[in-house]
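A short worksheet on the structure shown next.
The values are calculated or read from the model by the stated rules, or taken from the named source; none is laboratory data. The structure presented is a predicted model; accordingly, all values stated were derived computationally and were not measured. Cβ: placed from backbone, ideal geometry, glycine included. Neighbour counts: every protein chain shown. Heavy atoms of the whole protein, side chains included, go into the accessibility calculation; ligands, DNA and RNA do not. Shrake-Rupley method; radii C 1.70, N 1.55, O 1.52, S 1.80 Å.
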Amino acid sequence: MVGIFYRSPKPGSPSFIEVGQYVSVGQIIGMIEAMKTFSNVEAEHSGTVVSFPAKDGELVQMGTTRGRSVKKGLKIGVCGEHGGDPESIDLFYRVGLDYVSCSPFRVPIARLAAAQAVLSSKGGAKTVTK
């Protein structure tokens, strides 16, 4: 399934699993959001978690960098629930996304979060993703 992987059920809450933890077959290890539908991801094998293949935001950064390496000036943004989430907006600003789009009721918070992202970077330039 293609979508957004979540290590925790909601922002600020503990992860489903951590490095060093033993997991059993069928244990929920994360969630995937696709088309506004959330699906649990269950362990297919038992064992101890050794590492996670990517850090939060790392794949967004990688996709942005690679996309712009092929097409300079490529406009990249995100829409959906992440477009209105303050922590996500800060990440998207830092990796160099051009815009976020979200539900109308989230727009005021999204605008405030975008302004805070700029101010927290002290007005500095976004990460270069050429």
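Quick look at the values:
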quantity	calculated
Any hit, the stretch 44-58, residues being free of Cβ contacts under 8 Å to residues at least 12 places away in the same chain, polar (S, T, N, Q) and in a strand (DSSP E or B)	no
Out of G63, G77, G83, G67, sole residue that is in contact with a Cys (Cβ under 6 Å, 6 or more places away or on another chain), at negative phi and not hydroxyl-bearing (S, T, Y)	G83
Subset of the stretch 85-104 (residues that are touching a Ser or Thr at 6+ places or on another chain (Cβ under 6 Å), part of a helix (DSSP H, G or I) and open to solvent by less than 40 Å² (accessible area, probe 1.4 Å))	V95
